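The values are calculated or read from the model by the stated rules, or taken from the named source; none is laboratory data. Everything numeric here is computed off the predicted structure, so don't read it as measured data. Glycine also receives a Cβ, built like all others from the backbone with ideal geometry; neighbour counts cover every protein chain displayed.
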Amino acid sequence: MNTERVGVTAEGTPVHRWTLERAGTRLRLLTYGGVVQSVEVPDRDGTVDNVALGFPDVEGYLGSRGPYFGALVGRYANRIAGAAFTLDGTTHRLARNDGPNSLHGGERGFDRRVWDAEPDGDHGVRLSRISPDGEEGFPGRLDVSATYALEADGALRIDYRAVTDAPTPVNLTNHTYWNLSGAGSGSATGHELRIAAGRITPVDGAALPTGELTPVDGTRFDFREPRPVGLGYDHNFVLDAPGRAGEPPAAELYDPVSGRVLTVTTTEPGMQLYTGDHFDGKPYGPGAGIALETQHFPDSPNRPAFPSTVLRPGEVYVSTTTYGFGVR
């Protein structure tokens, strides 16, 4: 494990990069935005390459308003309709950064903050920060951390934890885009994907959930058996068995070219599949990476029938997602 200073924000705050290595996996992590800058793993022939989309230097992240490459997303991942919600009789207005809606925490969410960092054991880094009451419109002072660690088999495990002094919605995720042929190698849409989900939360024309839970049977959303993934996905899948011991992974992504396999296990009830349709070629084109964002459902603060995302004083928000790497 080592750390190095790699840049500074416009406000003069230093940004550091931590490098972790274990069992054939090398992870590079930035304190800016909790960004997974790169994940290097071998293919079936032993050739090592980076499989996580990102920028080569910190300046790319500091100037980007784009697709959240590798970022730690919060205080609320995904969309909140109308950039507002009512909690315990009080309406809270949020920053609007997706038309009239709030997306991924607002104009300056967790992905645009510098986090404190400290080692966690021999193979982990704990990032932490205080999100003050009213940040981006969210109520309550949130003490939040995310611990990134490499397991004995080289898997990347992310443990999220948060406590608050006032009721507030919390929904954290990591926004890495994966291309198992190697970042910058072209389209990842030939990868074969399996998602253990029999339903989705369908969306309207503004990409907001309608409130229904629709079966995937007979639709292009049925990934219960592995098949190639194409473009046109920015949807939340309702996982069949989140966090249950002994169950198969929530998702598996396989690249027939390199033989690399990514497995995703999570305690979260949902997973957003996003295929990067809107990439503009700087530095990647459409479909260059596939995001598998473990999360609670979008717009849950306005959807009482969805699993609750409200964290209250005295409670502890905990969430774990693990990304395993292998070959076939």
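The numbered conditions (1) at pLDDT below 95; (2) aliphatic (A, V, I, L, M); (3) part of a strand (DSSP E or B) are all true for Ala10 except (3).
Of all residues in segment 109-166, those being part of a strand (DSSP E or B) and buried (at least 17 other Cβ atoms within 10 Å of the Cβ) number 25. The one condition from (1) assigned to a loop (DSSP other than H, G, I, E, B); (2) surrounded by fewer than 19 Cβ atoms within 10 Å (Cβ to Cβ) that Thr91 does not meet is (1).
Checked against (1) modelled with pLDDT under 95; (2) exposed (fewer than 14 other Cβ atoms within 10 Å of the Cβ); (3) at positive phi, Gly232 passes all but a single condition, namely (1). In segment 144-153, the count of residues that are closer than 29 Å to Arg96 by Cα, without any contact (Cβ under 8 Å) to a residue 24 or more places away in the chain and either among the small types (Gly, Ala, Ser) or in contact with a strand residue (DSSP E or B) (Cβ under 9 Å, 6 or more places away or on another chain) (or both) is one or more. Would it be correct to say that Gly211 is surrounded by fewer than 17 Cβ atoms within 10 Å (Cβ to Cβ), outside any strand (DSSP E or B) and in contact (Cβ under 8 Å) with a residue 40 or more places away in the chain? Here the answer is yes, as Gly211 does meet what is asked. Within segment 231-289, the set of residues being hydroxyl-bearing (Ser, Thr, Tyr), touching a Leu at 6+ places or on another chain (Cβ under 7 Å) and under 24 Å from Asn171 (Cβ atoms) comprises Tyr233, Thr275. When Gly190, Gly182 are checked against the criterion of being at pLDDT below 95, under 26 Å from Asp234 (Cα atoms) and more than 15 Å from the chain's Cα centre (by Cα), a single residue qualifies: Gly190.
A quick yes/no check of all residues on (1) hydroxyl-bearing (Ser, Thr, Tyr); (2) under 18 Å from Ala188 (Cβ atoms):
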{"position": "Val8", "(1), (2)": "no, no"}
{"position": "Trp18", "(1), (2)": "no, no"}
{"position": "Arg26", "(1), (2)": "no, no"}
{"position": "Leu29", "(1), (2)": "no, no"}
{"position": "Ser38", "(1), (2)": "yes, yes"}
{"position": "Asp43", "(1), (2)": "no, yes"}
{"position": "Gly54", "(1), (2)": "no, yes"}
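Of the residues contained in segment 21-41, one or more are found to be assigned to a loop (DSSP other than H, G, I, E, B), surrounded by fewer than 24 Cβ atoms within 10 Å (Cβ to Cβ) and on the phi > 0 side of the Ramachandran plot.
Could we say that Asp240 is over 16 Å from Asn179 (Cα atoms), acidic (Asp, Glu) and free of Cβ contacts under 8 Å to residues at least 40 places away in the same chain here? No. With respect to Asp45, is the statement that it is part of a strand (DSSP E or B) and out of contact with any helix residue (DSSP H, G or I) (no Cβ under 8 Å at 6 or more places or on another chain) true? No; evaluated as a whole, the condition is false for this residue.
Would it be correct to say that Gly54 is in contact with a helix residue (DSSP H, G or I) (Cβ under 8 Å, 6 or more places away or on another chain) and either part of a strand (DSSP E or B) or modelled with pLDDT of 95 or more (or both)? When the stated conditions are applied, Gly54 passes them.
Of the residues making up segment 167-207, those that are hydrophobic (A, V, I, L, M, F, W, C), buried (at least 22 other Cβ atoms within 10 Å of the Cβ) and within 22 Å of Arg75 (Cβ to Cβ) are Val170, Leu172.
Restricting attention to segment 214-249, which residues are assigned to a loop (DSSP other than H, G, I, E, B) and over 21 Å from Ile290 (Cα atoms)? If the condition is that a residue be assigned to a loop (DSSP other than H, G, I, E, B) and over 21 Å from Ile290 (Cα atoms), then Asp217, Gly218, Ala241, Gly243, Arg244, Ala245, Gly246, Glu247 are the ones that fit. Of Gly243, Gly281, Gly198, all but one fail to be out of contact with any Cys (no Cβ under 6 Å at 6 or more places or on another chain) and either of a type in the set (Val, Ile, Thr) or at pLDDT 95 or above (or both); the exception is Gly198. Any residue at all in segment 259-269 that is of a type in the set (Ser, Thr, Tyr), more than 24 Å from Tyr160 (Cα to Cα) and in a loop (DSSP other than H, G, I, E, B)? Scanning segment 259-269 turns up no residue that is of a type in the set (Ser, Thr, Tyr), more than 24 Å from Tyr160 (Cα to Cα) and in a loop (DSSP other than H, G, I, E, B). Does segment 251-258 include one or more residues that are assigned to a loop (DSSP other than H, G, I, E, B), modelled with pLDDT of 95 or more and either of a type in the set (Lys, Arg) or surrounded by fewer than 16 Cβ atoms within 10 Å (Cβ to Cβ) (or both)? Yes, that holds for at least one residue.
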